[in-house]
1. For the residue pair residue 34 and residue 84, what label-to-label distance in nm results when each label sits 7 Å from Cα along the Cα-to-beta-carbon direction?
2. Inverting the mean 1/r over all pairs of different Cα atoms, compute the Kirkwood radius of the stretch 41-103 and quote it in Å.
3. Using a 1.4 Å probe on the protein chains only, how many percent of the accessible area of the stretch 54-103 belongs to carbon and sulfur?
Amino acid sequence: MRKIMAIALAAVACSASLTMTSASTAAAADRAPHCVVVRKYFNKGHQRYVRMTNLCSQRTACFTIVVPHQRDPHGSLPKGATKDVRYGTTWASRALYVRNTSC
């Protein structure tokens, strides 16, 4: 009787771990690849810029610059490119972060 209970508990534990593994794999598949990396935020004149690099050498990367109380600017970077993107003026809020999005 104890052997049957031990086998049943082992089967339940294995099926639960398989379910958790497949759920985390599915959640990871929905995320955009992390290709865009911010090099620096800076001002030039009265404009705000962010310098970004696409670390993925095989694909174009898309991004969204998150700025409070404004429409979030978005765009894309070609394979392996570095680009300065203007996202507002010095009178407006600074960007909080840059989010990788799927293209």
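The values are calculated or read from the model by the stated rules, or taken from the named source; none is laboratory data. Keep in mind that this is a model prediction, so the values were computed, not measured. Cβ sites come from the backbone with ideal geometry, for glycine too, and all protein chains shown count toward neighbours. With ligands, DNA and RNA removed, areas are computed over all heavy atoms of the protein, side chains included. Shrake-Rupley method; radii C 1.70, N 1.55, O 1.52, S 1.80 Å.
1. In this crude label model, residue 34 to residue 84 measures out at 2.8 nm.
2. 12.1 Å is the Kirkwood radius here.
3. Here carbon and sulfur together make up 49 percent of the probe-accessible area.
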